[in-house]
Protein chains: 4
Amino acid sequence: MTENTNNIRVALIGGSGYAGFEVIRLLRRHPNAELVGIYGPAQEVGPITGFYPLLDKTVEMEQELYDVAKIAGRADLAMLAVPHKVAMSYVPALREAGLRVIDWSADYRLKDAGEYEKWYCPHTDAGRLEEAVYGLPEYYTEQIAAADLIANPGCYPTCAVLPIAPVLNAGLIEPTGIVVNAISGITGAGKTPSAAQHFPHRNENFEPYAVGTHRHMPEMEQVLTDLCGKDAEVLFVPHLCPMDRGMLCTIYARPVGDVSAEQLTEVLQAAYADEPFVRVRTDVLPATKYVSTTNFCDVAARAEKDTVILISALDNLLKGASSQAVQNMNIMFGLDETTGLY
Amino acid sequence: MTENTNNIRVALIGGSGYAGFEVIRLLRRHPNAELVGIYGPAQEVGPITGFYPLLDKTVEMEQELYDVAKIAGRADLAMLAVPHKVAMSYVPALREAGLRVIDWSADYRLKDAGEYEKWYCPHTDAGRLEEAVYGLPEYYTEQIAAADLIANPGCYPTCAVLPIAPVLNAGLIEPTGIVVNAISGITGAGKTPSAAQHFPHRNENFEPYAVGTHRHMPEMEQVLTDLCGKDAEVLFVPHLCPMDRGMLCTIYARPVGDVSAEQLTEVLQAAYADEPFVRVRTDVLPATKYVSTTNFCDVAARAEKDTVILISALDNLLKGASSQAVQNMNIMFGLDETTGLY
Amino acid sequence: MTENTNNIRVALIGGSGYAGFEVIRLLRRHPNAELVGIYGPAQEVGPITGFYPLLDKTVEMEQELYDVAKIAGRADLAMLAVPHKVAMSYVPALREAGLRVIDWSADYRLKDAGEYEKWYCPHTDAGRLEEAVYGLPEYYTEQIAAADLIANPGCYPTCAVLPIAPVLNAGLIEPTGIVVNAISGITGAGKTPSAAQHFPHRNENFEPYAVGTHRHMPEMEQVLTDLCGKDAEVLFVPHLCPMDRGMLCTIYARPVGDVSAEQLTEVLQAAYADEPFVRVRTDVLPATKYVSTTNFCDVAARAEKDTVILISALDNLLKGASSQAVQNMNIMFGLDETTGLY
Amino acid sequence: MTENTNNIRVALIGGSGYAGFEVIRLLRRHPNAELVGIYGPAQEVGPITGFYPLLDKTVEMEQELYDVAKIAGRADLAMLAVPHKVAMSYVPALREAGLRVIDWSADYRLKDAGEYEKWYCPHTDAGRLEEAVYGLPEYYTEQIAAADLIANPGCYPTCAVLPIAPVLNAGLIEPTGIVVNAISGITGAGKTPSAAQHFPHRNENFEPYAVGTHRHMPEMEQVLTDLCGKDAEVLFVPHLCPMDRGMLCTIYARPVGDVSAEQLTEVLQAAYADEPFVRVRTDVLPATKYVSTTNFCDVAARAEKDTVILISALDNLLKGASSQAVQNMNIMFGLDETTGLY
């Protein structure tokens, strides 16, 4: 990458996971950003190729010991790809050092510290929840542009909110009784080995988990409520699907009056006509392979048996995490939001 | 297999498909049944190992040209593993020749010839719809025992009806507004190559199909209506999952009043306490790998956000087709229904 | 299973692994054997369905604490499905208690304690190596019939030796310079989670491991040397293939003089004409799907470019472990060797 | 893509296949090339997104009817992603129209028309075989730079030649008796549905094909002979592995005298020290996941049991086809060969 004094200088904190890997590759191709450092805990210091042999000969960087002062001296933006709880322990110092932050964890997504505590743990930086902007670029563009702290959305909420929000806003569905039936590829479960994700257990296996109790459920409800101005209520049921990547939601909602597939499709098309990364499908239905390796979220609508059916798909590691973070970065720094992402 | 003059003599019509293959293996292990012949169309005549090299040295049979007279001379029971439309063109002669029949196709499942025509094609043997018994052994045991013509249920309806019927009968859910979100392994799509099931298209891909328009939907409604005595209404949305076998339904229904997961589970447990092939899961959730290669249907229940959630899983080629046919055969011929199936 | 006083009473030691699971299912179907107990270490005591929910409602047994006296009082035969080193710590007491033993580990496969130590660890029961019979039923039938201690072969050696031995014995290939290029499904790596077998690492990945240094290499050499009476030398290179089960060897050897595929095939056919579980393929090539869920080993031969090519496939959990153990059991107890295995 | 009058103007002929899809994406990211048109046969004319819904909203191009005059008016370079035989029917007119050509088929790879006829069919443009340059950038850089017609190498030959050539040139292995044991992901079998690549047949299945008779074998021999100046003889045995993409060769060769893994590794390192797309692995072994989605070929060496073992991996759709074509294009047009590929 050629040096460019106007480049956004990005520090990645937490480079060893699947989405960290993706953002490293995305930033290499980005014409106006530069990955200036990768930082991690003491036990994960070393060449990034140690985590990802694929990057050999292309990324010669080391994951260095996390050090706010060092990062502040080099970077404009910190991408935080660390687990929840760790994130909120890092953010205060990063912000005080003047860095803008995109946090990929859940720590700044929920606006209510009590709600956060209910689903996660006590919040140690609740004062900053107000300031944090929910980084769903299709809806919070202006706030993102001005934000210093972005809460990058969860993969499931991104996939669920994008198809639901327009039809909810248009008054075509009831805000309550929404069911989000979702599936995810296994990279979504992270990189730590476990009996559940051991190949011979997971392969040729499809199973539900966290039925109605997943932490992404309150996140969906908060965002939909915020967007439509009514109390949205979502029942979220995720499943694990034996493949590397991909996410698909099949959503069921109660129509308000008579609603046709055509109406729903038109509302989706109108909502996303100018959005570069949402595609309304009318020819083929959304499928994970049609969005794999892209920043797109595909959406489609049907109406059958007095039920509105919305379908959406995205790549859980990209639009569900890393490329959505880059899209947010582009907006924060005044670039065209598609820069480096098409 | 040792000769046994009391064995049920079974003719398999249509031995080249995935479920045909499974029943050949099941009958080899069955202590009281004998596969006396396999029959197919002219272009598929030949050693059965030509279709399934796996069977070499164990099944030396040939698929012979379909011939009612020959079959009638050898067999007590015809298993019809042929496509819909072909089935109803065979059944009249088979029945007239005195054979009992288990038809795996859709031809005798719907009781109403008009409804059949709506979803399939005009029915050419409508007079026999009345006589045909729907072969769901957990509910129609007595009728199956006395039947000469069994309509072996579809894989999806089996997987959906088994968890729904007890809670519907118990009055815990509304008969309308039931959503059946289902996934199937790819053997469910049959053995004919297609762009949709070409490995590089299907692998690492998850996608919905026939959203609200699948032919198994009216079958589900008919059976549930028959079982609970009220007009049941089901919205059925199937998906293809990149694995060989397995089926899982995640079902959403409206509770009647307050309903807890415990209540639902108790109702399921009571309904299936004496059923050998339905397992009510309370420890682990149903998953396709826990039923693979078995005749079990696993079911479980949850209640969240004013919604009843039922989950069920089975092996689409076994409880969804071939082993369910054997279970029906056992009942028809007065055997313990688990014979040869555990 | 009906009680039968003449049944072989089998104790399984180590029921929590993949091959243990398979043998539990095999013994349930076996007409002349009965699984009387399952035994394991203290931390793995409990219902066998805790390890394998699939077995619910069919296997109600508990894995009990390993206890030689208890086992001796109930069983005729101990199947040892425990890791190497553990096996040789159990065998002395089991033998002294009068039990016949089939050990699935490597502990009694190598005849030379020094060689064992080189590849594994010091041998603590070297005195019994002489007595142990290598349980490859196609070659050591008489010894197996008389044996009290069987070393059940490794999966790779079974798959490699079966195609090589006949052509080596017939003098068609050189005993040295034999290359065994092999692949295995991931159940072969065992049930313990690891980064290497984490689904997102293993899926869509094919890689070699232990190139020329795998412990099954000296086992192959010992058996081939024993069978052909000349010092056999094998280079063994295994690979991991992203699938649950299956093993395939592609073997390269130097012909002695002019050797044709026809000659090789005839030699294989002659060698295995009376063997129920080896199939010489001439129509289709061996493929893992043609042997999956069976006790077969498929073999085929080609001669190209002055090289003999042998191909073989088996199910690593069955002919590579559990069903081969049952085949050995059948021979040990005077049954037809196919009993319960077709 | 911004207009750039100095861009290489590329016409893609045959945009509907898997590698065509990849090159469309590669050219979108290429800073100095522009895809000016996509051309195909009459029955495949239409929006490129019809073949690849993934490209929606990013590639708005149509596949137009193949027309030399039109192509000549727009493009500098034709990428021919059509089957063999079709390629040599197109090349004469394309060359006469002044276009430089990179042909991805086998039509111009073999220098000897008789050899071509033996493996494929009679050659209809044999006069141009002399002129065609074999596009393996690591070896024919200068010829590629000056070429008007490039025969883009086969995936298997690329993967086999890169590890073999240096050690053969260094005199460390015999030029005869080389065995190339290879595996490929299923995209390598093309996009046309078939029984062999039907998901339920291919999944969980590993099998050899074209043992010692694959058309890429003479290609390997020709290139190795040309590179090392001695008659090279290769036995090539490919296998299909149940995954989308990836290729791995495990190569066995006879050492000349004593040869150590260190020596072999040093020779590989020396040969590829300045090559941007070949990585000599010493830490981890080559695996398909470490090269997936890249233009890299990873290589490694071992010496065991008087045998040289070379291992190599690449992405069959990229370094095995499309990105190698772009690498060739870069060299032909005087760009840094890594342009658009890192």
Legend entry - In the range B:107-140, residue surrounded by the most Cβ atoms within 10 Å (Cβ to Cβ) [restricted to those that are closer than 18 Å to residue B:77 by Cα and hydroxyl-bearing (Ser, Thr, Tyr)]: B:108
Legend entry - Identity of the residue in the range D:163-180, among the aliphatic types (A, V, I, L, M) and part of a loop (DSSP other than H, G, I, E, B), that ends up nearest to the other protein chains (Cβ to nearest Cβ): D:172
Inset, instruction - Name the one entry in A:91, A:23, A:101, A:82 that is within 20 Å of the chain's Cα centre (by Cα) and part of a strand (DSSP E or B). - result: A:101
Legend entry - Failed criterion for residue D:246 (all others in (1) open to solvent by less than 10 Å² (accessible area, probe 1.4 Å); (2) more than 7 Å from chain C (Cβ to nearest Cβ); (3) on the phi > 0 side of the Ramachandran plot hold): (2)
Inset, instruction - With respect to residue C:167, determine if the residue is touching a helix residue (DSSP H, G or I) at 6+ places or on another chain (Cβ under 8 Å) and either under 27 Å from residue D:245 (Cα atoms) or among the β-branched types (Val, Ile, Thr) (or both). - result: yes
Legend entry - Failed condition for residue A:195, given (1) more than 17 Å from the chain's Cα centre (by Cα); (2) among the aliphatic types (A, V, I, L, M); (3) within 29 Å of residue A:79 (Cβ to Cβ): (3)
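Listed here are the residues, each with its yes/no results for (1) over 22 Å from residue B:200 (Cβ atoms); (2) in contact with a Lys or Arg (Cβ under 7 Å, 6 or more places away or on another chain); (3) away from chain A (no Cβ under 14 Å).
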residue	(1), (2), (3)
D:28	no, no, no
D:33	yes, no, yes
D:39	yes, no, yes
D:51	no, no, no
D:62	yes, no, yes
D:74	yes, yes, yes
Legend entry - Of all residues in the range A:286-296 being within 17 Å of the chain's Cα centre (by Cα) and surrounded by 24 or more Cβ atoms within 10 Å (Cβ to Cβ), the one that is farthest from the other protein chains (Cβ to nearest Cβ): A:295
Legend entry - Tally of residues being part of a helix (DSSP H, G or I) and among the aliphatic types (A, V, I, L, M) across the range D:307-342: 5
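Conditions (1) touching a Lys or Arg at 6+ places or on another chain (Cβ under 8 Å); (2) buried (at least 19 other Cβ atoms within 10 Å of the Cβ); (3) without any contact (Cβ under 8 Å) to a residue 60 or more places away in the chain, marked per residue:
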{"site": "D:158", "(1), (2), (3)": "yes, yes, no"}
{"site": "D:172", "(1), (2), (3)": "no, yes, no"}
{"site": "D:180", "(1), (2), (3)": "no, yes, no"}
{"site": "D:186", "(1), (2), (3)": "yes, yes, yes"}
{"site": "D:199", "(1), (2), (3)": "yes, yes, yes"}
Inset, instruction - Would you mention how many residues in the range A:65-85 are surrounded by 17 or more Cβ atoms within 10 Å (Cβ to Cβ) and without any contact (Cβ under 8 Å) to a residue 60 or more places away in the chain? - result: 4
Inset, instruction - Being among the small types (Gly, Ala, Ser), more than 20 Å from residue A:44 (Cα to Cα), in a loop (DSSP other than H, G, I, E, B) and in contact with a strand residue (DSSP E or B) (Cβ under 9 Å, 6 or more places away or on another chain) is the filter here, so list the residues in the range A:186-199 that pass it. - result: A:196
Inset, instruction - Considering only the range A:225-254, state which residues are at pLDDT below 95 and assigned to a helix (DSSP H, G or I). - result: A:228
Inset, instruction - Might you check whether a residue that is within 12 Å of chain D (Cβ to nearest Cβ), of a type in the set (D, E, K, R), within 21 Å of the chain's Cα centre (by Cα) and in a helix (DSSP H, G or I) occurs anywhere in the range C:204-224? - result: yes
Inset, instruction - Determine, yes or no, whether residue B:103 is of a type outside the set (Phe, Trp, Tyr) and open to solvent by 10 Å² or more (accessible area, probe 1.4 Å). - result: no
Legend entry - Exclusive hit being under 18 Å from residue D:317 (Cβ atoms) and away from chain A (no Cβ under 14 Å), set D:12, D:55: D:12
Inset, instruction - With respect to residue D:283, determine if the residue is modelled with pLDDT of 95 or more and either within 14 Å of chain C (Cβ to nearest Cβ) or assigned to a helix (DSSP H, G or I) (or both). - result: no
Legend entry - Among (1) touching a residue at least 40 places away in the same chain (Cβ under 8 Å); (2) over 20 Å from residue B:86 (Cβ atoms), the one test that residue B:50 misses: (1)
Legend entry - Matching residues in the range A:141-150 - criterion: being assigned to a helix (DSSP H, G or I) and either crowded, with 20+ Cβ neighbours inside 10 Å or outside the structural domain of residue A:97 (by TED's automatic domain parsing) (or both): A:144
Legend entry - Of all residues making up the range B:44-79, the number that are under 18 Å from residue B:9 (Cβ atoms) and in a helix (DSSP H, G or I): 8
Inset, instruction - Taking residue B:269 as the residue in question, decide whether it is without any contact (Cβ under 8 Å) to a residue 60 or more places away in the chain, outside any loop (DSSP other than H, G, I, E, B), in the same structural domain as residue B:205 (by TED's automatic domain parsing) and open to solvent by 40 Å² or more (accessible area, probe 1.4 Å). - result: yes
Legend entry - Matching entry among B:124, B:158, B:141 (being more than 19 Å from the chain's Cα centre (by Cα) and of a type outside the set (A, V, I, L, M, F, W, C)): B:124
Legend entry - Residue under evaluation residue A:183, criteria (1) away from chain B (no Cβ under 14 Å); (2) outside any helix (DSSP H, G or I); (3) touching a helix residue (DSSP H, G or I) at 6+ places or on another chain (Cβ under 9 Å), criterion not met: (1)
Legend entry - Residue selected from the range C:297-342 under the condition within 10 Å of another protein chain (Cβ to nearest Cβ) and among the hydroxyl-bearing types (Ser, Thr, Tyr), by the criterion surrounded by the fewest Cβ atoms within 10 Å (Cβ to Cβ): C:338
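The values are calculated or read from the model by the stated rules, or taken from the named source; none is laboratory data. Please read these numbers as outputs of a predicted model, since none were measured by experiment. Positions of Cβ are backbone-derived with ideal geometry, glycine not excepted, and every protein chain shown enters the neighbour counts. SASA here: full protein model, heavy atoms, side chains in, ligands and nucleic acids out. Shrake-Rupley method; radii C 1.70, N 1.55, O 1.52, S 1.80 Å.
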